[in-house]
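See below for the structure under consideration.
The values are calculated or read from the model by the stated rules, or taken from the named source; none is laboratory data. Quantities reported herein were computed from a predicted structural model and do not represent experimental measurements. Positions of Cβ are backbone-derived with ideal geometry, glycine not excepted, and every protein chain shown enters the neighbour counts.
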Amino acid sequence: MRTREIDIAIALDCKWKERSVHLSSFGRRRSTRGSLTAVILVGGQGMRLRPLTERMPKPLLPLLGRPLLAYTFDQLRGSGVERAVLACGYLPTAIRAQFGDRFDGLALEYRVEPEPLGTGGALRYAADCIDGTFLALNGDSVREVDVARLITFHRRRRAKATILLTSVAEPGRYGLVRTDTAGRVTEFLEKPQPAEIDTNLINAGLYVLEPEVLDYIEEGKSVSLERDIFPRLAAEGSLYALHVPGYWIDIGTPESYLQAHLDLLQRGETRIDDSARVSPTASLIPPLIIERGVSIGAGARIGPLVHLGSMVEIGREASIGRSAVLPGAVVGPGVTIGGAIVAPEYGALTP
């Protein structure tokens, strides 16, 4: 086990285990015919989020003081999942050191691919022992959807695979998923031209799968589930998709990482840890969240829509708005920051 990865994981712990920022739409569990297993794909290197992911895997990036992956665990527990298998690749020991073998009642297992296998290959490697209906999902998104509704739809259609769809404002940035009136997938359209956009529904990176889907994936080969396997299932009429309303964001870029912070902050929570040292002449404008050990100098202006991670230092007369300052970062005296991720060693990263 590599010590540097463990140190990173431990350093991330901002008391997130002691509190839960549960997402609103899936707090009530529904029956789903017995326990479910989920395979979470967390093997990517997060290249578009560099330099933040140079020494930290993307699933451990902090979001309002909790690792990003913790939000996925919350959703799975709220959806009746009792076991999750993490398909790991990049910096896997850091992920395991952070979460261990259990999270809030969710049993965790780890499968580390020997080499990059793509989404399909990683799924086959991690899910090979699963013998019933299971979930597969990307571990770098935050979702608030009724997964039980998707599972019910999948079973009623007797599908081999069912894709969760989400609506987006700019569907041209993504690949479109076209379906018939029964929800059967008829076509995938990558990088559509404006005249071709007839739906705003895209793949949200969460699937209900039957074990026989794994038979379509050649063992030990690099395979894309989305580009190689789903078109084959669609051609034979066994792939379905359902739009389930709810919040969704894919955290793949600095822009979307910042937007996830802002989206959650916009829900209005303001919290200041008792251990924070705030100058009486500093201005705090809600909504904002200030974690443990934060120091804010005289005349500083913080907010609105700001998260200050643990042990952050804000200098005199500094001004910060619409930003996330990651644990341990320092903002110097008189510095003005707006719309940025601020990270130790790297400073302010403006999308």
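Scanning segment 149-172 for residues that are within 23 Å of residue 74 (Cβ to Cβ), among the aliphatic types (A, V, I, L, M) and part of a helix (DSSP H, G or I) turns up at least one hit.
Among the residues of segment 121-136, write down those that are closer than 20 Å to residue 72 by Cβ and in a helix (DSSP H, G or I). Listed by number, the residues that qualify are 122, 123, 125, 126, 127.
Return yes or no: is residue 251 in contact with a Phe, Trp or Tyr (Cβ under 7 Å, 6 or more places away or on another chain), under 30 Å from residue 164 (Cβ atoms) and either among the aliphatic types (A, V, I, L, M) or assigned by TED's automatic domain parsing to the domain that holds residue 204 (or both)?
Working: in contact with a Phe, Trp or Tyr (Cβ under 7 Å, 6 or more places away or on another chain): yes; under 30 Å from residue 164 (Cβ atoms): yes; either among the aliphatic types (A, V, I, L, M) or assigned by TED's automatic domain parsing to the domain that holds residue 204 (or both): yes.
Against the criterion (in contact with a Phe, Trp or Tyr (Cβ under 7 Å, 6 or more places away or on another chain), under 30 Å from residue 164 (Cβ atoms) and either among the aliphatic types (A, V, I, L, M) or assigned by TED's automatic domain parsing to the domain that holds residue 204 (or both)), residue 251 qualifies.
Restricted to segment 89-116, and to residues that are of a type in the set (Val, Ile, Thr) and over 18 Å from the mean Cα position of the chain (by Cα), which residue is surrounded by the most Cβ atoms within 10 Å (Cβ to Cβ)? If we take residues in segment 89-116 being of a type in the set (Val, Ile, Thr) and over 18 Å from the mean Cα position of the chain (by Cα), then 93 is surrounded by the most Cβ atoms within 10 Å (Cβ to Cβ).
Scanning segment 107-158 for residues that are closer than 24 Å to residue 44 by Cα and of a type in the set (D, E, K, R) yields 109, 111, 113, 115, 124, 128, 140, 143, 144.
Quick check on this structure: which one of 262, 239, 233 is among the hydrophobic types (A, V, I, L, M, F, W, C) and under 21 Å from the mean Cα position of the chain (by Cα)? Full working, then the answer.
Values: 239 fails: under 21 Å from the mean Cα position of the chain (by Cα); 233 fails: under 21 Å from the mean Cα position of the chain (by Cα).
Going through 262, 239, 233 in turn, the sole match is 262.
Please find, among 186, 166, 181, the residue that is hydroxyl-bearing (Ser, Thr, Tyr) and free of Cβ contacts under 8 Å to residues at least 12 places away in the same chain.
On inspection, the qualifying residue turns out to be 181.
Has segment 269-276 got at least one residue that is under 30 Å from residue 45 (Cβ atoms) and free of Cβ contacts under 8 Å to residues at least 60 places away in the same chain? No, because not a single residue in segment 269-276 is under 30 Å from residue 45 (Cβ atoms) and free of Cβ contacts under 8 Å to residues at least 60 places away in the same chain. If you filter segment 279-289 down to residues that are outside any loop (DSSP other than H, G, I, E, B) and more than 14 Å from residue 309 (Cα to Cα), you find that the one that is nearest to the chain's Cα centre (by Cα) is 284. For segment 260-274, check the following and say yes or no: at least one residue is surrounded by fewer than 20 Cβ atoms within 10 Å (Cβ to Cβ) and part of a helix (DSSP H, G or I). So far as segment 260-274 goes, yes, one or more of its residues are surrounded by fewer than 20 Cβ atoms within 10 Å (Cβ to Cβ) and part of a helix (DSSP H, G or I).
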